[in-house]
């Protein structure tokens, strides 16, 4: 705990004489109170407070991952640690991997008591509640001690895995395929060619298909040679695809709005694609037909952020731009550009403000969505990772270079 330094009282004695002497003003400054390098006054102004801190005994922590009530990290020796998300309490730590394969992602399935760890060449399984290797139950109810479970991959992974269907790991391979891998049987169930190789995690996108309310769920993937492909999540058949002149290195975003046709409110859903060719594109989720595109002044390397009919996009070295997500013109409609906001949006506040994280300058900014004005700024130095548990009024989880975990929560909680 940091203590506020006491300011010693100062007694100033003034001697009166026939001549009035002007005394210089004595100024005493109070050093700002900090916790882990975060100024508490600035933190309060940003609308957040520190909920908990946990200083790990492990080193080289990385890949912080939030899944429901759990926060996971990996250390430099491929040990997986699980923490309680709401208290920061350490729950268990277990060895996974082989310190050769790069670990890509950590996944849970709701119906299982297992955590699946995807690496370049294999999937590892750990019991969620205990951190032990998966055990087996005999007919008499007794348990057989588990052994390390290693499920080799036929197609080497090159991206983190998505678990949109809650039963398979969906990842991109080094050969350019999007792969469905079922860890309960240890085999691929589906594979579809996208392009030369995949380096961006496949994205989930969904939207109402018609006025009858049918929901279409899709997986949108991109390849390093610029191909964009959409597959039906359940049928695993191609819906649409098209080539771009350069690769997409940012995840895809999507959003839905409604439009009035013949006195009926019909849904319309778009996929938003930020490209290194400097274009921000919106295409119809169901057909891939272009809706609009805007040429930026720099290659786009961050994911778009959709909120309330607006798409927000970071333009490197330029600022944060806001666009109408469903304009009536193919050329798009820019709403504003905030040149003093240099980060990407990660969540919102309860009041509807946008929260931007600028990795380069280690700065959190709270932004007014109407004109892009900065409401408050918070410097968070010595930071390795910052993630959120929700894109709407989410809490923030910080991993510092000193392997300290910090949870920041909105002050209204």
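Using the number of other C-beta atoms within 10 angstrom as an exposure proxy, rank 185, 66 with the fewest first.
185, 66
For the range 191-271, restrict the atom set to alpha-carbon positions and state the Rg and Dmax in Å.
14.3, 46
When only Cα pairs under 8 Å and 6 or more residues apart are kept, what is the percent relative contact order across the chain?
Relative contact order, the chain: 10 percent.
In Å and on Cα atoms, what radius of gyration and Dmax does the range 163-232 show?
Considering the range 163-232 through its Cα atoms, Rg and Dmax are 13.1, 40 Å.
Once Rh is set to the Kirkwood radius over Cα pairs, what Stokes-Einstein translational diffusion coefficient, in µm²/s, holds for the range 255-333 at a temperature of 10 °C and a viscosity of 1.306 mPa s?
123 µm²/s
R0 = 30 Å: FRET efficiency of residue 375 with residue 246, Cβ-based, nearest 0.05? Please list the in-between numbers first.
Details: r = 35 Å, r/R0 = 1.18.
For R0 = 30 Å, the calculated efficiency reads 0.25.
Per the Kirkwood formula on distinct C-alpha pairs, the Rh of the range 302-380 is how many angstrom?
Mean inverse Cα-Cα distance, inverted, gives 12.6 Å.
Working out 0.36 nm times the residue gap between residue 190 and residue 401, then minus their Cα-Cα distance, what length gain in nm do you get to one decimal?
Fully extending the segment from residue 190 to residue 401 adds 72.0 nm.
Throughout, read-outs are computed from the coordinates displayed, never taken from laboratory work. What you see is a predicted model; the values in this text were computed from it and never measured. When we count neighbours, we look across all protein chains shown, and the Cβ atoms used for this are built from the backbone with ideal geometry, even at glycine.
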